[in-house]
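Participant: Take this structure first; my questions come after.
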Amino acid sequence: MPSARVSRRGLLSLAAASSGAALLSACSDAESGGTVVPFYTTESDPTSLAFYRSVIKKFEREHPGVTVKMTLYSDENQLQYLQTAMQTGTDIGVFAPPAANILDWAVKGYLLPLSDMIEDIGEDDFLPGTRIVHRGEDYAMPFQANASVLYYRKDLLDAAGIDPPRTYGQFLGAVRELHGRDGVDGISSGAGNTPGMTTQFLSPYVYQAGWDYYGPDGEVLFGKDEVLDAVKRHVAIMRYARKGAYNTNYPDLMNTYISGKAAFATMAGRLGVNLAEQNPRIAEVTGVLPVPAGPFRTGRLAYGGKNQYSVFAHTRHRRAARAFLKELTTGENALKFSLTVPGHLVPPLKSVGARLRQEIDVSDDPYLKKHGDWVRTILDLVPHALSPDMAMGSVVNGRYDGKLSNPCPWAGKAWAPPPADASMVQSILLRGDDPEQAWRRAVDQFAFAARDWKSANPEWRPAV
């Protein structure tokens, strides 16, 4: 495995600086008359980019006359970038949209149906909660699933005589005990305006309280008393993070743990990969556990990120775009992609996930040989790693019967910057607001987002 693996956000400045030029370039390509498939992605770490270039080269060789033009953009400017492209009529071809906006864009006619491709792959091969279906049509091809886990410093716990935490009480006690020792923070976790960031850290507490943000039919569940208790549990942990983490970004949170300045960190698999590359000494004394965030199915329900590709409904070369998308995200290429950042880019196809487990057992890759247990922990969690924008209503009133494939169509409104849950957490930690009052404001915002979208789309029905 290459040693130059860095954060996917390492090229943010390049992506941001080139965004305007890329849009103009895409327009000129479309006007040139060639068969150009635009390809827009947020995966910018060097190993992923090398993988993309390899797939593109092979695809172009096997499809004479077709050119795939790759453009990078970042998570932080993703929504604005794509909205501008759609408004200007730019052909964005195959692109990675924010998951929270996919269903809304499908309803508005911006996305090309992909049902034939999904059926050809096999509907049963997809992990629950990874497909996005509207009125019987699929509008996205998932290329990544993952799960957030708890990284912890075994050496610090051993020195303090503390066992790895398996319950929330043990977790809080360990974070409190280790905070401030030798200048180390209790935890690296945060809040911020990047869509999904605060939800990633807060949602395990909500799920392990026996509830969800919304019910299967879109009823607001965030207002349940047990959710308020979950918010208080999360805030109690967050008080042992550095204050700068209350309005932060992913790279800063990862760097805090990688540099040895935190005893715990809640993050997906990319942290492990970067840790092993950048600070092997800390990696040697790091363990990985599920996050013990509450009393319901403690540690067994996690936050699960996911990413999909969609095809722009008005792309010029639909057949070529769909052919490239299938080549990119299935079979051997799907396995190779998952190995560019093991444990973070978890395959959403069950068949590929099974091959990844086999690869862990036989691989000569130094990371998998040394930290394969980290990857296995994440793989075990992924089937029950949820997100409120894709698996709406999976946990209701202390009952969980499995992850639902039930996208929330107003997620783009509910978690639009500044996200309601981020504002809630920040107001408590930065301004000292009463937790219940801050929580009630968030409940009202989530309720308004649902009510407003439903009123404009009265024909909508949930996917379950």
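The values are calculated or read from the model by the stated rules, or taken from the named source; none is laboratory data. Computed from a predicted model, the values in this text were never measured in an experiment. Cβ: placed from backbone, ideal geometry, glycine included. Neighbour counts: every protein chain shown.
Participant: So if I check each of Val133, Val107, Val55, which one is β-branched (Val, Ile, Thr), farther than 28 Å from Ala293 by Cβ and modelled with pLDDT of 95 or more?
Facilitator: Values: Val133 fails: modelled with pLDDT of 95 or more; Val107 fails: modelled with pLDDT of 95 or more.
From the options Val133, Val107, Val55, the qualifying one is Val55.
Participant: Considering Thr298, Thr266, which residue is farther than 30 Å from Phe59 by Cα and part of a strand (DSSP E or B)?
Facilitator: Numbers: Thr298 fails: part of a strand (DSSP E or B).
Going through Thr298, Thr266 in turn, just one is farther than 30 Å from Phe59 by Cα and part of a strand (DSSP E or B): Thr266.
Participant: Which pairs do you get when a residue that is among the acidic types (Asp, Glu), found in the stretch 257-283, comes within reach of a residue that is modelled with pLDDT under 95, reach meaning Cβ atoms under 7 angstrom, with the pair 6+ apart or on two chains?
Facilitator: Glu277/Ser3; Glu277/Arg5
Participant: Criterion first (modelled with pLDDT of 85 or more and over 29 Å from Pro417 (Cα atoms)) does Ile92 satisfy it? Outline the logic, then answer.
Facilitator: Details: modelled with pLDDT of 85 or more: yes; over 29 Å from Pro417 (Cα atoms): no.
No.
Participant: Residues in the stretch 313-330 that are in contact (Cβ under 8 Å) with a residue 12 or more places away in the chain, surrounded by fewer than 21 Cβ atoms within 10 Å (Cβ to Cβ) and assigned to a helix (DSSP H, G or I): how many?
Facilitator: Selection size over the stretch 313-330: 5.
Residue-wise test of (1) among the β-branched types (Val, Ile, Thr); (2) in contact with a Pro (Cβ under 7 Å, 6 or more places away or on another chain); (3) within 23 Å of Leu49 (Cβ to Cβ); (4) at pLDDT 95 or above.
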residue: Gln80; (1), (2), (3), (4): no, no, yes, no
residue: Asn101; (1), (2), (3), (4): no, no, no, no
residue: Met117; (1), (2), (3), (4): no, no, no, yes
residue: Glu123; (1), (2), (3), (4): no, no, no, yes
residue: Leu127; (1), (2), (3), (4): no, yes, no, no
residue: Val149; (1), (2), (3), (4): yes, yes, no, yes
residue: Asp163; (1), (2), (3), (4): no, no, no, yes
residue: Phe171; (1), (2), (3), (4): no, yes, no, yes
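Participant: While we're here: Against the condition among the small types (Gly, Ala, Ser) and crowded, with 19+ Cβ neighbours inside 10 Å, how does Gly432 come out, does it pass?
Facilitator: Criteria not met by Gly432.
Participant: Just to confirm my filter: which helices (runs of 4 or more DSSP H) fall fully inside the stretch 35-125 and include at least 2 residues that are within 28 Å of Pro342 (Cβ to Cβ) and without any contact (Cβ under 8 Å) to a residue 24 or more places away in the chain? Explain how you work it out, then say what you get.
Facilitator: On the way: elements: 46-62, 78-88, 99-107, 115-121.
Answer list for the stretch 35-125: 46-62.
Participant: Continuing with this model, one more query. Assess whether Asp138 counts as being free of Cβ contacts under 8 Å to residues at least 40 places away in the same chain and surrounded by fewer than 22 Cβ atoms within 10 Å (Cβ to Cβ). Give the steps one after another, and end with the answer.
Facilitator: Details: free of Cβ contacts under 8 Å to residues at least 40 places away in the same chain: yes; surrounded by fewer than 22 Cβ atoms within 10 Å (Cβ to Cβ): no.
The answer is no for Asp138.
Participant: Give Thr256, Thr298, Thr315, Thr286 a once-over and let me know the one that is among the hydroxyl-bearing types (Ser, Thr, Tyr) and closer than 27 Å to Thr71 by Cα.
Facilitator: Working: Thr256 fails: closer than 27 Å to Thr71 by Cα; Thr298 fails: closer than 27 Å to Thr71 by Cα; Thr286 fails: closer than 27 Å to Thr71 by Cα.
Criteria check complete, one pass: Thr315.
Participant: So for the stretch 195-206 (the condition being of a type outside the set (D, E, K, R) and not in a helix (DSSP H, G or I)), does at least one residue qualify? If you could, list the steps in order and put the result at the bottom.
Facilitator: Taking the stretch 195-206 and keeping what is of a type outside the set (D, E, K, R), we get 195-206.
Checking which are not in a helix (DSSP H, G or I) leaves us with 195-196.
Within the stretch 195-206, one or more residues are of a type outside the set (D, E, K, R) and not in a helix (DSSP H, G or I).
Participant: List, please: which pairs have Cβ atoms under 6 Å, are six or more places apart or on different chains, and start with a residue in the stretch 442-457 that is at pLDDT 95 or above and assigned to a helix (DSSP H, G or I) and end with one that is surrounded by 14 or more Cβ atoms within 10 Å (Cβ to Cβ) and of a type in the set (A, V, I, L, M)?
Facilitator: Correct list of pairs: Ala442/Ala420; Ala442/Met424; Gln445/Ala420; Phe446/Val220; Phe446/Ala414; Phe446/Ala420; Ala447/Val220; Ala449/Ala414.
Participant: Might you let me know whether the stretch 227-238 holds any residue that is assigned to a loop (DSSP other than H, G, I, E, B) and more than 19 Å from the chain's Cα centre (by Cα)? Don't jump to the end; show me each part of the working.
Facilitator: Looking only at the stretch 227-238, we keep the residues that are assigned to a loop (DSSP other than H, G, I, E, B), and these are none.
No, the stretch 227-238 contains no residue that is assigned to a loop (DSSP other than H, G, I, E, B) and more than 19 Å from the chain's Cα centre (by Cα).
Participant: Which one is farthest from Met141 (Cα to Cα) among residues in the stretch 393-437 that are of a type in the set (D, E, K, R) and within 18 Å of the chain's Cα centre (by Cα)?
Facilitator: Restricting attention to the stretch 393-437, the residues satisfying the condition of being of a type in the set (D, E, K, R) are 399, 401, 403, 413, 421, 431, 433-434, 436.
Next, only the ones that are within 18 Å of the chain's Cα centre (by Cα) stay: 403, 413, 421.
Details: Lys403: 18, Lys413: 22, Asp421: 28 Å.
My answer is Asp421.
Matching residues to (1) buried (at least 24 other Cβ atoms within 10 Å of the Cβ); (2) within 15 Å of Val149 (Cα to Cα):
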site	(1), (2)
Gly269	yes, yes
Gln278	no, no
Val285	no, no
Val291	yes, yes
Arg300	no, yes
Asn307	no, no
Ser310	yes, no
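Participant: Suppose we filter the stretch 371-410 for residues that are of a type in the set (D, E, K, R), more than 20 Å from Ala354 (Cα to Cα) and surrounded by fewer than 20 Cβ atoms within 10 Å (Cβ to Cβ); how many remain? Reasoning before the result, please.
Facilitator: Filtering the stretch 371-410 for residues of a type in the set (D, E, K, R) gives 373, 376, 380, 389, 399, 401, 403.
Narrowing the set further to residues that are more than 20 Å from Ala354 (Cα to Cα) leaves 389, 399, 401.
From what's left, surrounded by fewer than 20 Cβ atoms within 10 Å (Cβ to Cβ): 399, 401.
Counting residues in the stretch 371-410 that are of a type in the set (D, E, K, R), more than 20 Å from Ala354 (Cα to Cα) and surrounded by fewer than 20 Cβ atoms within 10 Å (Cβ to Cβ) gives 2.
Participant: Which residue pairs have Cβ atoms under 6 Å apart, sit 6 or more places apart or on different chains, and have a first residue in the stretch 166-191 that is over 18 Å from Ser148 (Cβ atoms) and a second that is small (Gly, Ala, Ser) and in a helix (DSSP H, G or I)?
Facilitator: From residues that are over 18 Å from Ser148 (Cβ atoms), the pairs are Glu177/Ala160.
Participant: Those residues that are among the aliphatic types (A, V, I, L, M) and surrounded by 24 or more Cβ atoms within 10 Å (Cβ to Cβ), I need them from the stretch 176-219; list them, please. If you could, list the steps in order and put the result at the bottom.
Facilitator: Taking the stretch 176-219 as the starting set, the residues that turn out to be among the aliphatic types (A, V, I, L, M) are 178, 184, 187, 191, 197, 202, 206, 209.
Across the stretch 176-219, the qualifying residues are Leu178, Ile187, Ala191, Leu202, Val206, Ala209.
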